[in-house]
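A quick write-up on the structure given underneath.
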Amino acid sequence: MSDCFLNSIKLLCLRSNQLHGRIPDNFGDFKKIQLLHFGGNSFSGPILGSLAKLSSLQEFSLYGNNFSGSLPESFGQLSSLEELYVDDCFLQGTLTERHFSNMKNLRILSASSNSLLLNVSLDWVPPFRLTALKVLSWRFAGAGTPLWIESQRHISELDLSDTGISGTIPSWFWEIPFLNLTENDLCGEIPNLSRARYVYLSSNRFSGSLPRVGDALVEMDLSDNSFSGSMTRFVCNSSYTHKVEILHLAANQLNGELPDCWKEWASLKYLNLGDNELSGVIPNSIGFLANLQSLNLYRNNFSGFIPSSLHKCNQLLKIELSENHSLQPWIGTTLVEIDQFQRYNGASFIDSALVATTASILQYDTILSLVTNIDLSSNNLCGEIPNGVTSLVELRSLNLSKNSLTAYALTHLNLSYNNLTGGIPKGTQILSFDASSFIGNYLCGPPLTSGCSGDDGEVMEGAKEGKDGDGLEVDWLYVFVSCGYVVGFSVVCATLWLNKSWRDAYFAFIFKKHV
């Protein structure tokens, strides 16, 4: 590279270009570069210490590469650096005070999903004042919350998830708008959260009553803790309309009746109260949650009817009510009026759920973009399954197991000559039906003779079986059109060949058109 280029360029972005190999050593020769982006590639090898010569560098992005080793200690001399992004880089090793010794302008440190240990003295005071610290899966020397974080009171984004910290946390943490402390060993009670916008505290040992939340909250995950008591104070008695879209309170010890105060929570898209000790009826005000996409009330002690008001939730894609042992013996004919069960609009929502089908147990991490399901297993439902279930054209999984439902057993099944695709489920009662029940589709696997090309059930090319189940279906329209073209063209050529006067006239006409 020319000296003119090296001395003049201030911004270089090579993000997401499928680059690989090692970063060339001469990248450290850019004299005035301020922004350097290498993120989203496949660079490997160690991060070069020569990059620490970039004295004017303000923003440095290396995330999503395949580096080895640790951050160079010489990076501590990047005195102009304001933002450093090294997430998901396979870094490992130990960092000390020297790695940050002169980073006095650093504002954002984003280095999650690396195997790094920060080993600093107890009295270390960092030279920087961060606004964002994201160090998911790091480890810190010593127990409890690192003392040096006390000097970072300007933080608005803090992610210390899966870092192994334990005990109680500083009270000022509850003023941070974005707080992620999931998968640690933290304990204690949570005060009212007036400023919080995004709070993720799952898989800890927090206890006590649920905190009151302010009108800024958008997402909150307190699942897998030891919160207890009634939900009335948390849900009701607010003087404002909540903006909360995600509320995950599963796997706690919440008890009492579910309050009928959900009108002020109209922005909710995901509500998970499963695996608690809630009882009483499911309140009708749930029907005012017009934006609700997923409702999880499994493994509680609800009783009474499934509220018919749920049909007002026209965005609802998933209901899980399994293991509520006292629900009334009635599925509810209005349940099938839920609009999105009938017409899936393709929306997606991150929601991990274990879906049990007769073929297998499937783990879906973005379940709503793949399947719509109803789970009413392990209740006391009885009577016949309503005919309206057949109108749920986007339903992919229906679990009514461990109930007392009655109906005639299925004795005959014929799915032939449709446009069904994929592999026929193995190890199920469906294999007892004759192969003629499945022909004329793009299906594969037993009892058909056509095999599947892989474990995903993809049908091998040409595997649509015809009437006898052992041949290929032929589209005769294309056969007749092809034959007609060949015959017509042959007749024209033969006429010109046998009739000299017509042949001379034809070629004279063609000659005049092109002269």
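Computed values, structure above
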| item | result |
| --- | --- |
| Under 5 Å, built H, 5+ apart or other chain: amide partners of E257 | S279 |
| Distance (nanometres) between label positions extended 7 Å along Cα→Cβ at E150 and K263 | 4.9 nm |
| Residues listed by number, the stretch 153-177, amide nitrogen under 19 Å from V125 label point at 7 Å toward C-beta | 153-155 |
| Y198, Y270, Y240 arranged by Cβ crowding within 10 Å, fewest neighbours leading | Y240, Y198, Y270 |
| Förster radius 56 Å - calculated FRET efficiency between T168 and D25 (Cβ-Cβ, nearest 0.05) | 0.75 |
| Label point 7 Å beyond Cα of S194 along Cβ direction - residues of the stretch 150-186 with amide nitrogen under 18 Å | 171-178 |
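FYI, it's all coordinate maths here, none of it is from the lab. Quick caveat: nothing in here was measured; it's all calculated off a predicted structure. Please note: Cβ atoms are built from the backbone with ideal geometry, for glycine as well, and neighbour counts cover all protein chains shown.
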